[in-house]
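Undergrad: Sending over a structure as structure tokens; questions will come in a sec.
The values are calculated or read from the model by the stated rules, or taken from the named source; none is laboratory data. Keep in mind that this is a model prediction, so the values were computed, not measured. Glycine gets a Cβ as well: all are built from the backbone with ideal geometry, and neighbour counts include every protein chain shown.
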Amino acid sequence: MTQERHVTDSPAESSGRGLGRRAVLRSAAALGAAAPLIPATATATAATATASAGEDEAGTAAGAASFRWLGTAGWRIDVGDRTVLFDPYLSRFTTGLYEGAFDPRTPLRTRPDLVDAHIGHPELVLVSHSHWDHLADVPHIAKTTGARVVGTETTYHLLVALGVDPGQISVVKGGEVLDFGGIVVEVVPSLHSRNKKCAYFAPGTLNAPPATVPSTIADLPEGDTLAFQVRAGEGGPSAFLMGASDFSERAVRGLRPDLAMIAVPASTATHRYVPRLLRALDTPGVVVPVHWDNFERPLDGSPVPDPAMDLDAFVSEVREVAPAARVVVPDYRTVYDGTMRSGAAR
């Protein structure tokens, strides 16, 4: 496998070759034995050859799409003048998680200045699950942009309680294939990350509105987890998007995405996570680790790795299992094209 290296304002690493035949919460599970928020009852390098998308098998359609990592599991996908967001968490407020003083009573908050600077004019927001580092900024985005939100029933009840118009929210369960005027979204039933005791972090689902308006991060249960596969326009690249580091092998089999944005696990509780997932996805041409950064640091610098995540080990395992795949470790400041090659700094 060859390696390509390009230093940007926020360095990241890529390796390998082109798309071939198809163009890292501290996973919240990393808290390990910490008490759940909700009772069960209720090294661098960004990838980067300078070749244009037209030189890849993805063709010009790939060049029409761009991808921006929003930190954590979040993405902004632009297809021409249309924007899709996935798990946009940009306020990145402090909970004490990375100082060893995690406080589940931390108030929910959003920073409109930070959020608005990154989201453009989204028409669609996809939400994998309802933990704060995936949902906290979605009410602001929905209310100020009118974007449609796609998520679970729990996400629906939480957003309505937080003032979002119910008519803006599409409840899904997994298995749906939705056509938003040429941007096709396949909803994939998925699983949340597990801690070292093989337990879920902050479990709980809502089948009715919460008794009170959510005001702290403890008020946001997981509510089941989804993954999404987004095809960016007619003939454009397909991207598999994960919000947590576990999956249903049967549910993802046959998806065959061009790009796989894979959450880095914080434990080894999930048996053979990387090889099982890559095999089920039919070995994507490009693998992008996500959810490996400290999501309480601002987005205006370089990503700071979460010490609970072994990003290097993850990358090494991907390269061992899928030597033909390109591994692109993203940074905050790069706009990537539809083959996950760097375009311009933001």
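Undergrad: Here's a check for you: in segment 93-108, which residue that is under 14 Å from PHE295 (Cβ atoms) and not in a helix (DSSP H, G or I) is nearest to the chain's Cα centre (by Cα)?
TA: Checking each candidate, the answer is PHE93.
Undergrad: Restricting to segment 212-230, name every residue that is of a type outside the set (D, E, K, R) and assigned to a loop (DSSP other than H, G, I, E, B).
TA: Those that are of a type outside the set (D, E, K, R) and assigned to a loop (DSSP other than H, G, I, E, B): THR212, VAL213, PRO214, SER215, LEU220, PRO221, GLY223.
Undergrad: Related question: Checking the conditions here, which among THR283, THR270 is at pLDDT below 95 and either among the polar types (S, T, N, Q) or more than 22 Å from SER193 (Cα to Cα) (or both)?
TA: So the residue among THR283, THR270 that is at pLDDT below 95 and either among the polar types (S, T, N, Q) or more than 22 Å from SER193 (Cα to Cα) (or both) is THR270.
Undergrad: Within segment 235-249, track down each residue that is surrounded by fewer than 18 Cβ atoms within 10 Å (Cβ to Cβ) and in contact with a strand residue (DSSP E or B) (Cβ under 9 Å, 6 or more places away or on another chain).
TA: Initially, segment 235-249 is screened for residues surrounded by fewer than 18 Cβ atoms within 10 Å (Cβ to Cβ), giving 235, 248-249.
Selection gives SER248 alone.
Undergrad: Return yes when ASP219 is touching a strand residue (DSSP E or B) at 6+ places or on another chain (Cβ under 9 Å) and under 30 Å from THR106 (Cα atoms) and no when it is not.
TA: The answer is no for ASP219.
Undergrad: Still on this structure: Got a sec? Which of ASP133, ASP116 is modelled with pLDDT of 95 or more and either in a strand (DSSP E or B) or over 26 Å from SER245 (Cβ atoms) (or both)? Step through it out loud before you land on a result.
TA: Details: ASP133 fails: either in a strand (DSSP E or B) or over 26 Å from SER245 (Cβ atoms) (or both).
Within the list ASP133, ASP116, the selection yields ASP116.
Undergrad: Hey, another quick one. Is it true that some residue in segment 251-267 is touching a helix residue (DSSP H, G or I) at 6+ places or on another chain (Cβ under 8 Å) and of a type in the set (S, T, N, Q)?
TA: yes
Undergrad: Next up: Looking at PRO303 and the list (1) part of a loop (DSSP other than H, G, I, E, B); (2) surrounded by fewer than 22 Cβ atoms within 10 Å (Cβ to Cβ), which single condition is not satisfied?
TA: That leaves (2) as the condition not met.
Listed here are the residues, each with its yes/no results for (1) crowded, with 18+ Cβ neighbours inside 10 Å; (2) in a loop (DSSP other than H, G, I, E, B); (3) modelled with pLDDT of 95 or more.
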site	(1), (2), (3)
LEU255	no, yes, yes
ALA260	yes, no, yes
ALA266	yes, yes, no
ARG276	no, no, yes
VAL288	yes, no, yes
LEU299	yes, yes, no
ALA313	no, no, yes
VAL318	yes, no, yes
MET340	yes, yes, yes
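Undergrad: Given the options HIS131, HIS157, HIS118, name the one that is surrounded by 22 or more Cβ atoms within 10 Å (Cβ to Cβ) and under 19 Å from the mean Cα position of the chain (by Cα).
TA: Going through HIS131, HIS157, HIS118 in turn, the sole match is HIS131.
Undergrad: Find all pairs meeting these conditions: Cβ atoms under 7 angstrom apart; at least six residues apart or on different chains; first residue within segment 299-314 and among the β-branched types (Val, Ile, Thr); second residue not in a loop (DSSP other than H, G, I, E, B).
TA: Final answer for the pair search is VAL304/ASP293.
Undergrad: Here's another thing I want to ask about it. Looking for something farther than 22 Å from HIS134 by Cα and among the hydroxyl-bearing types (Ser, Thr, Tyr) - is there at least one such residue anywhere in segment 302-311?
TA: no
Undergrad: Here's something else I'd like to know. Anything in segment 305-346 that is farther than 16 Å from THR72 by Cβ and among the small types (Gly, Ala, Ser)? List them, or say none.
TA: Listed by number, the residues that qualify are ALA313, SER316, ALA322, ALA324, ALA325, GLY338, SER342, GLY343, ALA344, ALA345.
Undergrad: Can you spot a residue in segment 195-204 that is within 30 Å of ASP81 (Cβ to Cβ) and not in a helix (DSSP H, G or I)?
TA: no
Undergrad: Being crowded, with 24+ Cβ neighbours inside 10 Å and either at pLDDT below 95 or among the small types (Gly, Ala, Ser) (or both) is the filter here; which residues of segment 56-78 pass it?
TA: Residues satisfying the conditions are ALA58, ALA62, ALA65, GLY71, ALA73, GLY74.
Undergrad: Of all residues being surrounded by fewer than 23 Cβ atoms within 10 Å (Cβ to Cβ) and among the aliphatic types (A, V, I, L, M) in segment 320-329, which is nearest to the chain's Cα centre (by Cα)? Just the residue, please.
TA: Within segment 320-329, the match that is nearest to the chain's Cα centre (by Cα) is ALA325.
Undergrad: Just checking, how many residues over segment 141-185 are closer than 21 Å to HIS131 by Cβ, assigned to a loop (DSSP other than H, G, I, E, B) and among the small types (Gly, Ala, Ser)?
TA: Qualifying residue count for the region: 3.
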